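The values are calculated or read from the model by the stated rules, or taken from the named source; none is laboratory data. These numbers come from a predicted model, not from an experiment. Methodologically, a virtual Cβ is constructed for each residue, glycine included, from the backbone with ideal geometry; neighbour enumeration extends over all protein chains shown.
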């Protein structure tokens, strides 16, 4: 032991660090150490991921579960379809009921119109007979009773039915006739076909009436006829204008005979209107009205 070592206290000798026999890592060795460290960490992460993955392995479903899921989906779609179909049916039913109410109102107005036209045409037809009877009994005095002027006035009228078809026009134009049941649609068609036939006969009668009007202007005296021209079928006329004696503008037998014949030419078309068109249209209107009320529980 040297002199210096002898002079050092024992405590100091124990505290002195021992010199490592290993040399420090060079710069070239540091990246290698880092790579090794990173590799170890990656392996740990992969191990962790593998453990996590294996913890959630799904078992295969049984075929019964697939069938059950299919049935549930099918039932959900079917239920949705029926709900939507029911909703549309309710909406269509409400709309058809509104249209039915509108049709009923038009049919009521038509019924009143048809009854009035039936009464009017019967009155016109009786005037034909009255005009003919006066001409038949005419003498050479060139005078006729005032009733001849009055019957000539009423007999030259032509009553036309005013149809109330606003509701039907709206239904057809909007394409909503499909809302009604087939029997009702069929009866609507029958009713309005008869209405068209009645209108055609009215127009035919008006053509004959125009000829009668021309002859009337040559037979009757305009001054005296003016006393009767403002009277209609529903007006009460004084008896004095019926029984009084009035002169004619033209009492030529040929002209009078042609005048009477013009009324007879109208008799055929008006007879069809009275005996067929109006009664059938009135019957169809009432039956269709009852059908609509029954279908939609309307009073």
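Observations, loosely collected:
- Selection status of residue 268, under 15 Å from residue 209 (Cβ atoms), surrounded by fewer than 15 Cβ atoms within 10 Å (Cβ to Cβ) and either modelled with pLDDT under 95 or touching a strand residue (DSSP E or B) at 6+ places or on another chain (Cβ under 6 Å) (or both): yes
- For region 162-180, the set of residues classified as in a loop (DSSP other than H, G, I, E, B) and either at pLDDT 90 or above or surrounded by 13 or more Cβ atoms within 10 Å (Cβ to Cβ) (or both) consists of 162, 163, 164, 165, 176, 180, listed by residue number.
- For first residues located in region 167-191 and at positive phi, partners that are modelled with pLDDT of 90 or more and assigned to a helix (DSSP H, G or I) and lie 6+ apart or on another chain with Cβ distances below 6 Å do not occur.
- Residue match in region 221-233 (condition: in contact with a strand residue (DSSP E or B) (Cβ under 7 Å, 6 or more places away or on another chain) and either closer than 19 Å to residue 157 by Cα or not in a helix (DSSP H, G or I) (or both)): yes
- Top-ranked residue in region 220-248 [being within 53 Å of the chain's Cα centre (by Cα) and within 19 Å of residue 262 (Cβ to Cβ); ranked as surrounded by the most Cβ atoms within 10 Å (Cβ to Cβ)]: 220
- From the list 187, 192, 259, the one residue that fits, being in contact with a helix residue (DSSP H, G or I) (Cβ under 8 Å, 6 or more places away or on another chain), surrounded by 12 or more Cβ atoms within 10 Å (Cβ to Cβ), in a helix (DSSP H, G or I) and at pLDDT 95 or above, is 259.
- Among the criteria (1) touching a helix residue (DSSP H, G or I) at 6+ places or on another chain (Cβ under 8 Å); (2) touching a residue at least 24 places away in the same chain (Cβ under 8 Å), the one residue 101 does not fulfil is (1).
- Residue identified as at pLDDT 90 or above, in contact with a helix residue (DSSP H, G or I) (Cβ under 8 Å, 6 or more places away or on another chain) and under 30 Å from residue 284 (Cα atoms) among 157, 241, 246: 157
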